[in-house]
Amino acid sequence: MSFPQTIVGKWGWEQQTSTTQKQKLGTKMQIEDTLYVYGKAGEAITVGLLCESAANISTEDEDLAVATAAAGATEVTVTFGAGVDKDEYKDGFLYSNTGGTGIGYRYRIKGNTAATASVVTLDHEDGLIEAWTNGSDTVGAFKNPLDGILISNTTPVGAVVGVTVSDIASGSYGWLQTTGPGVVKIQGTPAAGAGIMRSDGTTGCVELLAEGSNTLWGAIGHMGRTAGVNNEYHEVWLNI
């Protein structure tokens with residue numbers, strides 16, 4: 001199955017959802033002055049909520065043994081902490097987190113076999129830039145950040161990825177807005193034009209950006225031309 005990586009859409013396309021995959025995860029869509037990204041919901045998510053990527057799987061995320069593989073190899077055998085499903089990490093990434101000259105390189109995953117010692121196929125025509133050696137190199141793996149997205153939690157489990165522009169059922173596919181004029185649910189009463197961040201008090205909401213606060217999650221945009229009202233949806237300018 002082949003998909004374009006970036007598309008130019010029309011108004012209304014951003015609100016289309018489906019139970020089958022129509023685009024590659026992470027595909028970007030531009031509609032005039034707004035940008036969207038395509039993802040799969042890990043739970044039922046209603047419109048106008050801030051979302052984050054799913055939590056990592058601790059037995060599969062890093063310090064994994066890798067079989068010796070020469071530079072240029074497009075398949076490597078990785079020993080996960082538990083069995084993985086076939087293509088569970090498709091469109092995700094494999095990277096070296098400790099070791100020699102291959103450390104720090106990141107590779108897109110084309111697919112993987114269903115096994116604890118899984119054969120991972122890289123979506124990289126030149127293969128490994130540097131060789132990996134069993135016993136001295138270890139690797140990490142993470143799924144595509146748009147795979148299994150969640151409503152933004154008050155204690156984050158992943159990076160902010162966008163705001164829903166339609167209801168998306170659990171396991172279904174749809175678009176999240178990342179840039180431009182949008183609408184999102186507000187916590188508190190941030191002033192017109194004020195910087196906003198993810199809320200640490202109400203799931204799926206944004207709140208006033210609190211510089212220097214221990215709860216600072218990072219700026220994701222600004223309020224629009226009206227002050228926010230707690231638990232209402234308001235105009236914002238997103239920059240995620």
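The values are calculated or read from the model by the stated rules, or taken from the named source; none is laboratory data. Computed from a predicted structure; not experimentally measured. All Cβ positions, even for glycine, are placed from backbone atoms using ideal geometry, and neighbour counts span all protein chains on display. Heavy atoms of the whole protein, side chains included, go into the accessibility calculation; ligands, DNA and RNA do not. Shrake-Rupley method; radii C 1.70, N 1.55, O 1.52, S 1.80 Å.
For region 126-240, the solvent-accessible area works out to 42 Å² per residue, with a probe of 1.4 Å and every protein chain left in place. Just to confirm my numbers, what's the Cα centroid distance between region 34-58 and region 118-186 in Å? First find each Cα centre; the distance between them is then 9 Å.
The HN-Hα couplings worked out from phi for region 218-234 by the Karplus form 6.51 cos²θ - 1.76 cosθ + 1.60 (θ = phi - 60°) are x, 5, 10, x, 9, 4, x, 9, 10, 6, x, 10, 3, 6, 10, 9, 9 Hz, whole numbers, x standing for Gly and Pro. Rounded to the nearest 0.05, the FRET efficiency derived from the C-beta distance between residue 154 and residue 119 at R0 = 30 Å is 0.15. Please report, as a whole percent, how much of the solvent-accessible surface of the chain comes from carbon and sulfur atoms (probe radius 1.4 Å). Carbon and sulfur: 51 percent of the exposed surface of the chain. With R₀ set to 30 Å, the beta-carbon distance separating residue 235 from residue 43 gives a calculated FRET efficiency near 0.70. Can you give the local net charge around residue 173? Use residues other than it whose beta-carbon is closer than 9 angstrom to its beta-carbon, Lys and Arg +1, Asp and Glu -1. Here the charged neighbours net out to +2. Within the shell defined by Cβ-Cβ distances under 13 Å, the residues around residue 103 carry a net charge of -3, with Lys and Arg each +1 and Asp and Glu each -1. Between residue 58 and residue 33, the simple label model (points 7 Å from Cα in the Cβ direction) yields a spacing of 4.6 nm.
The residues packed around residue 144, meaning those with a beta-carbon under 13 Å from its beta-carbon, carry a net charge of +2 if Lys and Arg are +1 and Asp and Glu are -1.
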